[in-house]
1. List A:Asp208, B:Asp290, A:Asp173, B:Asp48 from most exposed to least, where exposure is judged by having the fewest other Cβ atoms within 10 Å.
2. Give me the Å³ per residue figure for the convex hull around the C-alpha atoms of the protein assembly as shown.
3. For chain A, what's the relative contact order in percent, using C-alpha pairs closer than 8 Å and at least 6 residues apart?
4. So if I average 1/r over every pair of distinct C-alpha atoms in chain B and take the inverse, what Kirkwood radius in Å does that give?
5. Of the options A:Cys176, A:Trp132, A:Ser218, report the single residue whose Cα projects farthest towards the positive end of the charge dipole of segment A:128-271 (beta-carbon charges: Lys, Arg +1; Asp, Glu -1).
6. If you restrict to DSSP beta bridges whose two residues both lie in the protein assembly as shown, what percentage is antiparallel, to the nearest 5?
7. Rank these for me by crowding, A:Val9, B:Val63, going from fewest to most other beta carbons within 10 Å.
8. Using a 10 Å cut-off around each Cβ, can you sort B:Phe115, A:Phe152 from fewest to most neighbouring Cβ atoms?
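Derivation of every value follows stated rules applied to the coordinates shown; laboratory data play no part. These numbers come from a predicted model, not from an experiment. FYI the Cβ positions are ideal-geometry reconstructions off the backbone, even for glycines, and counts take in every protein chain you see.
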Amino acid sequence: MPFYAVAAVAFGYTDPVFNAPVPEWDPRYWDFTAFTEILTRSITGDLRPVFLRTLLYVALALGLCVVIGYPVAYYVARHAGRHRALLLGLILAPWWVNYLTRMLAWLNLLQDDGYVNDLLLLTRIVDEPVRWLSGNPVTVVLALVYGYIPFFIVPLFSTLDRIDPLLLEAARDLGCSSRGAFWHVTLPLSRPGLLTASAITALPMFGDYYTNTLVSGSPTTTMIANQIEFYLLGGTRKELGASLVLLLSALLMVLMVYYLISSRRAEEEVS
Amino acid sequence: MDRRRFLLVSALAATAACGGERPGRSTGSSAVPLTRTDSPGALPLHDDIPPIADGLSPESGGVLKILNYPEYVSPDVLKAFGKKHGVEVEVTTFNTMEDAISKLRTPGASFDVWFPTPDVIGKAAVGKLLLPLNKTYLGNLANAWPQLQSPFYDEGSRYSVPYCAYTSGVGYRADEVTAGFGYGLLWDPAYKGKAYLIDDHREGLALAMLKNGSREINTEDPVKIKQAGTWLSELVPLMNIKTGIAAYQLVAEGQATVHHCWSGDMINAQSYLPKGVDADVLGYWYPSDDLGVVGTDSLAVPASATKPVLAHMLLNHLLDPVVAQENFSFTGYQPALSAITPEKMVTDEFVTEGLKSAIVTPDVYARSQQIFQISPAAEAVWLDTWSQFKAGQ
């Protein structure tokens, strides 16, 4: 129903007195003008770089989630022993604090004269303060990683935890080194979890506008969700915002289909 | 026909059936009069929405419902008013005028007092969302600036009375900015990464026009609007410009060195300074010629009001200079009343000498430009041009 409501706004019309969007619930009267405009702008116009930037930021953030999250999930699942519950609790600890509050705390830490720059200057990693909050793409990507990495670690941990230790023992008995056992047993068996974790993490990243707004607010880092926010929360062209939602959903649907096919294949390979 | 082909054919047939024109759908141009300072207009009255009669007693008991921006009226003022008249005052907030109109149009919803901007009063009156005012209850309207006792957007004050006034200028840190005052501050690479624009399509693009000497901030010419977008886009690589509406906080805390902002934000910034920082670090620049934007907000009574007499009394109450000054101390936005002068505000320690220019006078109002309501088609061009700027184009 919510999806249909978005479509009704995207394909609806504008009230001539209030200049406000009116949803058109009857598909016979749908008007595709706004959607066509958004599609054209996304393929060849001003929204194309925004889509590409969004894909790049999410890809980088996801890559960092893999690089950071996989070792953490692996360690907690296989080597944490009796500290496992404690470590899992620490990973989830940030969720006990409201997201906005956490990000505002980071804003203070990342100020030009904040503690992060103080530390970097003290350790001589940089010669002058890094302008983290001045429309810096690195900050946006790192903020996305910070915000969503628990979503990545938890499902991956769950998959790694279910891998039968006897399989690893068998690999070693057959002459595999620890590294070989990881490459030939653990990694292939954790692929379904990796895919699930990636999907769970990437999907909300695509729709996230507030992280970018908080840590940047600059046109140089605008993502597609910021454009959706712009059209839906301000101004009179909500039909464009709704059209962008539909277009982003279509893109994500393609990625979801790829995920479903890949995860089915991965499960078949495992079994 | 297999299932897959059936679905495909059905989908194509459904798509082909779309796109028709619903019978009776109104797609004509806006029926709302576009008023200007040089062509004022009286808004239409409707026989089915008459004003209240003279000499009625105010309603008591129950809830007086206010529809307003967040933090844009003093809770103490409302509380005292409610206590005096035996009602509870409840404030519902909105963030944009579109949001407010949507709330007013919600079936069954009722509000007693609304704080609209002048550009939406016309459409709200035409759309039968407002109650005509009975001015026998509004004696304090005489305290307002002369131009606003019968403003161009609502000639004869049929539906609204003035509330606050503001200008759009440049707020800055006086401890870091010592020269080059003007819109050029926002184009000065010395402040790269610490410069902000008001996050509003009309204000932002108007700034670019005014900076380049153009007064056509209500133009409907797409070429001129796009030109403003091009001027603004210079700021993306040059300044790494950011957009926002929290100048009162960002300038006070030093996160912004220069911030295109509303005058009230700089007055408010005095309350957001970190401990130990003197208010003299705050400055506000506004042009001394006519290349500046001035604006006002209004008070109106929605047609859905259940306490219209009391609503009129609240409007009159907020036009009282003593009450208005108390309200000003909370909102930071000055009432458009003749009793509020820059000199008095400095003497009363409402603002520092450096922020005296943030106080708007009737003369400033008269000489400045105003952002008017424009046609929906032109509004779409302004919005899309701003969208392109925000996309980093």
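1. Details: A:Asp208 22, B:Asp290 12, A:Asp173 9, B:Asp48 6.
Exposure proxy ranking, most exposed first: B:Asp48, A:Asp173, B:Asp290, A:Asp208.
2. 205 Å³
3. Value for chain A: 27 percent.
4. Numbers: mean 1/r = 0.0440 Å⁻¹.
Evaluated on chain B, it is 22.7 Å.
5. A:Ser218
6. The antiparallel fraction comes to roughly 65 percent.
7. Working: A:Val9 22, B:Val63 14.
Fewest-to-most ranking of A:Val9, B:Val63: B:Val63, A:Val9.
8. Going from least to most buried by this count: B:Phe115, A:Phe152.
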